[in-house]
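Structure record follows, encoded as structure tokens.
Just so it is clear, none of the values below were taken in a lab; they were calculated from the coordinates. Being a predicted model, the structure only gives us computed values, none of them experimental. When we count neighbours, we look across all protein chains shown, and the Cβ atoms used for this are built from the backbone with ideal geometry, even at glycine.
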Amino acid sequence: MAIIAISRELGSLGTVIGTEVAKRLNYDYVYQEITSSAARDYEVLEEKLIRVVEKAPRFLEKLSGDFRRYQVFVQAQVFKIAEKDNVVLVGRWSTLLLRGVDHAMRVRVTAPVEVRARRVSEMMQVGMERALELVRENDLERGERMRQLYDVEWTAPYLYDLVLNTEKISVKSAAASIVRLVQGREFEATDASKKKLHNLAVAAAIRAELKAHRSTRETDVDIQVADGIVALMGVVASEAEKRAVERSVGSIKGLQKVESHLRVMEYVR
């Protein structure tokens, strides 16, 4: 069992490669379903989730509580899907979120700007000049979003286990490289790696649950999960907020135990 997370640039053929890999391994292929299922689960517009993932941040957006909510919803969905194993995840921050999960292989698919623009020109039936604009705009927006959310340069090779340049490499050759590497011992699922992913998934689901309810959506607390025990850490504004958080988390099914270490902010008069 393994997880393959693919980050790709516009026109790099990364989506097609992901489909081919899933076909060869008989894995589930997940791309648009990440935002569509998150929108359904948390009752928000999918267009808003996609904007958070793909578009450059606006100044006022950074100050919006909704922005943080949408980010948490997408994160929770990525972990939920990844925990099923035997899956190819394309985009939606999956390569960054799954960093540190040993049985998750993180792949970046790239190609020179001119090569990608030519493909976009053919696919979208637009002129080369317009295609270049689209490619550069997409690169810029995704780069700015990654810096804002995760403080990383998404083009950095060290974030990935494999970087593929499709200027010359065909889709089939790229897919074969991924399949060959993921079948190595380095990406075998172990009890430890599965437990780590499960803990991450539970913590993400709890954050999403808090952001989904009006009484707790403005709350940001630290959530630690280990061996079925959830620890809530941090400072809240009032006793009412503390009780709301504890009640919301306590109502989640499947948790063995919830330990609250939340503190109420003390105001100096």
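Charge dipole (Cα centre; +1 on Lys/Arg Cβ, -1 on Asp/Glu Cβ; no other charges) of the chain amounts to roughly 180 debye.
Between the entries (i) 131; (ii) 141; (iii) 166, the label attached to volume of the Cα convex hull per residue in Å³ calculated for this structure is (ii).
Once C-alpha pairs closer than 8 Å and six or more residues apart are averaged by separation and normalised to the residue number of segment 213-264, the relative contact order reads 42 percent. Between THR15 and HIS213, the contour length at 0.36 nm per residue exceeds the alpha carbon distance by 67.8 nm. Dipole of the chain computed with +1 at Lys/Arg Cβ and -1 at Asp/Glu Cβ about the Cα centre; of VAL78, VAL53, VAL249, farthest Cα towards the positive end is VAL249. Label-to-label distance for SER260 and GLU167 is 5.8 nm, based on points extended 7 Å past Cα in the beta-carbon direction. Note on segment 163-237: Rg/Rh from Cα positions, Kirkwood definition for Rh, rounded to two decimals, is 1.23.
Distance cut-off 29 Å, Cα to Cα: go down the list LYS55/LYS80; LYS84/LYS172; LYS55/LYS195; LYS168/LYS195 and report the pairs above it. Flagged as over cut-off: LYS55/LYS195; LYS168/LYS195. Sparsely packed loop sites in segment 157-266 (the chymotrypsin sites (Phe, Trp or Tyr not before Pro) outside DSSP H, G, I, E and B with at most 12 other Cβ atoms within 10 Å) do not occur. Our summary gives the chain a relative contact order of 24 percent, counting only alpha carbon pairs under 8 angstrom and 6 or more residues apart. The GNM of the chain, with springs linking C-alpha atoms under 10 angstrom apart, assigns the highest mean-square fluctuation among VAL44, VAL221, VAL126 to VAL126.
Farthest towards the positive end of the charge dipole of the chain, among the residues ALA201, VAL236, VAL221, is the Cα of ALA201, using unit charges on the Cβ of Lys, Arg, Asp and Glu. Mean-square fluctuations from a GNM of the chain, with a 10 angstrom spring cutoff on Cα atoms, peak among GLN224, GLN125, GLN75 at GLN125.
Take segment 213-264, drop everything but the C-alpha atoms, weight them equally and run the Debye formula without solvent; then report log10 I(q)/I(0) at 0.25, 0.26, 0.31 Å⁻¹ to two decimals. Values returned for q = 0.25, 0.26, 0.31 Å⁻¹ are -0.98, -1.05, -1.34.
Each residue of segment 81-91 is assigned a 3J(HN,Hα), and the resulting list reads 6, 4, 5, 6, 6, 6, 9, 10, 9, 10, x Hz, derived from the Karplus form 6.51 cos²θ - 1.76 cosθ + 1.60 (θ = phi - 60°), x at Gly and Pro.
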